[in-house]
Amino acid sequence: MDLALDILRTSVESPWVYLFVFAIAGFDSLVPIVPAETIVISAATYAAAGTPNPVGLVLAAAVGALAGDVAAYLVGRGGGSLVLRWARHPRVHGLIDRTEAMFARRGGAALIAGRFVPGGRTATTVTAGMVRYPRLRFLAFDAAGCLTWALYSTGVGLLGGVIFDDQPLFAVGLGIGIALMITGVAEITGRVLARRRTRKDTDPAAHRGSRHWTGQTVDVA
């Protein structure tokens, strides 16, 4: 993480910064080791002073994230022993189950929501491939999610840069703090709503006339 931030600081006034943001956003979609939000927000705090260009950051982050998500989707759709072993891990299996349930309730909107859930974007995109979610529909919803995420991350970073215009380290810290707070509130809200739905699902009367998710494929009318 420190290495990634060092690379960002040395390239922030160079056109290479856009390629770096693109690469981190794409890599994070496949292997979430370095949080892409941190890099995008950090770059955006510098953008508040004029360099790099905020529009360029949004485009680099969104396109990179989309490329990574498509790769993750294809990995899930292709299957293979590695994906199956990954899916059998208890924590991953539970996350996949929740993702499948989210697809059943929200359809493509789950792809947009999943991009803002910690660790959820990879599970969401891989699961979309595993359940054979339609390609074009996946691309449309995921592109919307990636663009929304890029705008959000860049906007948070710009806000931090404006507030601490002469102290970039404070600006980066504020931007990341705001993002963590918003993500935390969203995560807690999601968990509370999930518990309420679980309690509702245990009520026999709530199942009358309901349709159940198969966990195998997604049929779109």
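Quick notes
- Percentage relative contact order, the stretch 1-64, counting C-alpha pairs under 8 Å, at least six apart: 42
- Counting neighbouring Cβ atoms within 10 Å and putting the fewest first, the residues Asp97, Asp142, Asp6 line up as Asp6, Asp97, Asp142.
- As a proxy for reagent exposure, Ile112, Ile7 were ordered by neighbouring Cβ count within 10 angstrom, fewest first; the result is Ile7, Ile112.
- Sorted by Cβ neighbour density within 10 Å, fewest at the top, the residues Ile24, Ile33: Ile33, Ile24
Read-outs throughout are calculated quantities, based only on the coordinates presented, and are distinct from any laboratory measurement. What you see is a predicted model, and the numbers here were worked out from it, not measured in a lab. Don't worry about glycine lacking a Cβ; one is built from the backbone with ideal geometry, like all the others, and counts go over all protein chains shown.
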